[in-house]
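Before any comments, here is the structure.
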Amino acid sequence: MFKKCLLGLATLVSFFAFVSTVNAAEPHYTITTDATYAPFTFQDKNSNYVGIEQDTMKAIAKRENFTYTMRPMSYNSAAQLVSNGQADGIIAGMSITPERKEVYDFSTPYYKTGVAWIVRKNSKIKSLNDLKGQTVALKTGTAASEYGKSLQAEYGFKVKYFNDTDTMYNDVVVGNSAATFEDMPVIQYAIKNGMALKVMNVNKPGNAGSYGFAVEKGKNKILLASFNHGFAAIKKDGTYDKIVAKYLGASQATFSGTKKDNSSIWGIMTSNRAALLKGLWQTLELTVIAIILASVWGVLLGVLGVSEYRWVRAISTTIIYIFRGLPLMVLAFFIYIGLPGVTGVKIPAFTAGIITLILNEGAYTGAFVRGGFEAVNRGQMEAARSLGLPYGSAMRRVIMPQGLRIMVPSFINQFIITLKDTSILSAIGLLELTQTGTLIVARNSQGFRVWAIIAVIYLIVITLLTWLSNWVEKKLK
Amino acid sequence: MMSEIQKKVKVHVEKVNKSYGENHVLRDISLDIAENEVVVMIGPSGSGKSTFLRMLNQLETPDNGTIVVDGFDISEKATDINKVRENIGMVFQNFNLFNNYTVLENIMLAPVELGKLDKVAAEKKARELLKTVDLVDKADVSVNSLSGGQKQRIAIARALAMEPDVMLFDEPTSALDPEMVGDVLEVMKNLAESGMTMIIVTHEMGFAKQVADRVVFFEAGKIQESGVPEQVFNAPKNERLQEFLSKVMHA
């Protein structure tokens, strides 16, 4: 039976791998981006990715006859996927720096920028000197954060890192952090749209530089040439200026909906209904597939863990030790970003997410399954063996049925943990419920309301899952 | 003496030792048990009698020495212990009935699983065995609903379902309420009368007197004295046996 399950698992994994490698005849690229970066890239009220970068990319692709899949994720993941060859290009407000030129080849700059330093609207801070001993919020891996970090020693502030723009802004708005550093156009757009912050150096941006589209160094030369060629063309014919004017000239309401849409929980829910349902569906899909496969894998590990043979037990123990010891996010990054860099095989985010959950949740399941088998009274085994039953039959007929019954509450617990753990996979860009929340907040800045909605959705699903599990438990008894 | 030697030897134990760390539980034990013989092993707790019994079907393995059951040398690694165990029934102090099965299923499991009988034949046999232990009406109940005495009688029936030619009993009545003991001993007595080779560890001296062909006294990992019940109980030679008997008989 377990052989069959393993076979099924292998088929499933290879199926995901196969789907991802199917290519159209036209050049097709995978482009990564950070979708919490208005006005350059963000999600509009219809869940479309829009912004200066998105419109520019679209215009260029049309002219240069290529197609692409846009993959929104955290800035760091977006950058790493390109540097290790998992994605072809990145357009995510990436400043052109000498260090980055070691790793990436950049296009001609598409936007001139500089770093702003920003405080809360009614803050008493007047100069960088006032930041001494205070906390400054920075976004990991950005040029703005590097600029901020370079001032740390001089002005003596503490640094706190964030993974996305909006959480970072809000940390300053609510006063947890005293200041932040951000690219000038980005913060200007956010302030224009009601973020309660102010820029302290409008006329003197730090580290003035430019954004560029980037590919892995030495790779994707055709894509880079197409971008440059296309960009020159849309710059010349005025298309690009129109795009910039469209975003910097308009208020956020144009893209994220009216005040009414965003000022109540009900308004947010109705205006984001499609996005929320899609995110919920993705979460459920991840949860159900992971629960099934992780349980199969975990039971297998548990069975191996009580094998007659010491070396088989050792294999099980080692696997459980490794994957129980790894934080889920580390494992996800390792599988999604780390492994393909070595093996050269691209893994779709969904597959990577599922594999991550199987390995992590499966290890926990394996541990309690083994524990459950071991918890069955030793006399049961002795009695079965005394009748002449071989170890395997005694396990299968006597120990396992009793052990599994002991484990039912542990399984239910693990199912709920699995559901919650899917949220960690937002880090590799899976558009599940949590990532959906991140994107909505990036657009409408309604952190409290949006996260309240997301939290309630999780609670409802978990309640349903618990009811279902309890019903199954009763049936088993 | 002549008649005993002519009988077939069922269990042959020679110079068996067993230690748990510093604790030398069995010291150079040698013992032969003949077919149809009923041997009762007595002695204070910790004397090694239970360990000795559990060695006869390899629930414990000896450190050295030879154990031959039914002609199979089970101290030999190459011996298929599962095959040997099929012919040795074991009854435990704590019954160890399979909690996940009904009474009938407990009795049927081994013959069906090991291909001795098909399901129909196994069920027929199980019901017959329930008759011999006087528990026909309990066939379909969960084992957890039984009293201790009933559980032990089912455990005996379960062992008999494999048609063993040796039965081992490890303190079969020690976990029972006093009023349950009689029923279990009755079943064992009938079994002894039917000619089963039985090796019994027990504290029931009355039963030993009545049923045993031979009584073996264990103390400090050694067989201190053995003989027919009349001799062991009425004219003990060993000092420690005298001491032991004076304690248990007057308790």
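Right, A:Phe350: touching a residue at least 60 places away in the same chain (Cβ under 8 Å), under 38 Å from the mean Cα position of the chain (by Cα) and within 14 Å of chain B (Cβ to nearest Cβ) or not? No. Taking each residue of segment A:165-177 that is crowded, with 20+ Cβ neighbours inside 10 Å and looking for partners that are part of a helix (DSSP H, G or I) and modelled with pLDDT of 85 or more with beta-carbon atoms closer than 9 Å, six or more apart or interchain, yields A:Thr165/A:Tyr75; A:Asp166/A:Thr438; A:Tyr169/A:Ile187; A:Ser177/A:Met168; A:Ser177/A:Asp171.
Could you tell me whether segment A:96-118 includes any residue that is under 21 Å from A:Asp34 (Cα atoms), surrounded by fewer than 22 Cβ atoms within 10 Å (Cβ to Cβ) and aliphatic (A, V, I, L, M)? Looking for residues that are under 21 Å from A:Asp34 (Cα atoms), surrounded by fewer than 22 Cβ atoms within 10 Å (Cβ to Cβ) and aliphatic (A, V, I, L, M), one finds at least one in segment A:96-118, hence yes.
On the stretch given as segment B:170-194, residues that are of a type in the set (Gly, Ala, Ser) and either over 23 Å from A:Glu382 (Cβ atoms) or assigned to a helix (DSSP H, G or I) (or both) total 3.
Helices (runs of 4 or more DSSP H) fully within segment B:83-169 that include at least 1 residues being facing chain A (nearest Cβ under 10 Å), in contact (Cβ under 8 Å) with a residue 40 or more places away in the chain and among the hydrophobic types (A, V, I, L, M, F, W, C): B:103-113, B:148-160. Here A:Asp130 does not qualify as over 20 Å from the mean Cα position of the chain (by Cα), surrounded by fewer than 22 Cβ atoms within 10 Å (Cβ to Cβ) and in contact (Cβ under 8 Å) with a residue 60 or more places away in the chain. For segment A:353-369, taking the residues that are more than 24 Å from the chain's Cα centre (by Cα) and buried (at least 24 other Cβ atoms within 10 Å of the Cβ), the one that is nearest to the other protein chains (Cβ to nearest Cβ) is identified as A:Val369. In this structure, B:Phe218 qualifies as away from chain A (no Cβ under 14 Å), buried (at least 20 other Cβ atoms within 10 Å of the Cβ) and closer than 30 Å to A:Gln380 by Cβ. For segment A:413-444, a tally of residues being under 15 Å from the mean Cα position of the chain (by Cα) and basic (Lys, Arg) returns 1. So, B:Thr51, is that one within 14 Å of chain A (Cβ to nearest Cβ), surrounded by fewer than 16 Cβ atoms within 10 Å (Cβ to Cβ) and not aliphatic (A, V, I, L, M) or not? No: the conditions fail for B:Thr51. For segment B:64-73, a tally of residues being within 13 Å of chain A (Cβ to nearest Cβ) and not aromatic (Phe, Trp, Tyr) returns 2. Of all the listed residues (A:Ile335, A:Ile347), the sole one being crowded, with 18+ Cβ neighbours inside 10 Å and part of a loop (DSSP other than H, G, I, E, B) is A:Ile347.
Within segment B:54-74, if we keep just the residues that are part of a strand (DSSP E or B), touching a residue at least 40 places away in the same chain (Cβ under 8 Å) and in contact with a Ser or Thr (Cβ under 9 Å, 6 or more places away or on another chain), the residue that is surrounded by the fewest Cβ atoms within 10 Å (Cβ to Cβ) turns out to be B:Asn64. Looking only at residues in segment A:450-471 that are out of contact with any Leu (no Cβ under 9 Å at 6 or more places or on another chain) and among the aliphatic types (A, V, I, L, M), the one that is surrounded by the most Cβ atoms within 10 Å (Cβ to Cβ) is A:Val450. Filtered by the rule that a residue be surrounded by fewer than 22 Cβ atoms within 10 Å (Cβ to Cβ) and in a helix (DSSP H, G or I), segment A:304-313 gives A:Leu304, A:Arg310, A:Trp311, A:Val312, A:Arg313. Elements of the type helices (runs of 4 or more DSSP H) sitting completely within segment A:373-428 and holding at least 2 residues that are within 14 Å of another protein chain (Cβ to nearest Cβ), small (Gly, Ala, Ser) and surrounded by 21 or more Cβ atoms within 10 Å (Cβ to Cβ): these cover A:378-386.
The values are calculated or read from the model by the stated rules, or taken from the named source; none is laboratory data. Please read all numbers here as calculations on a predicted model, not as lab measurements. Note that each Cβ is placed from the backbone with ideal geometry, even for glycine, and that neighbours are counted across all protein chains shown.
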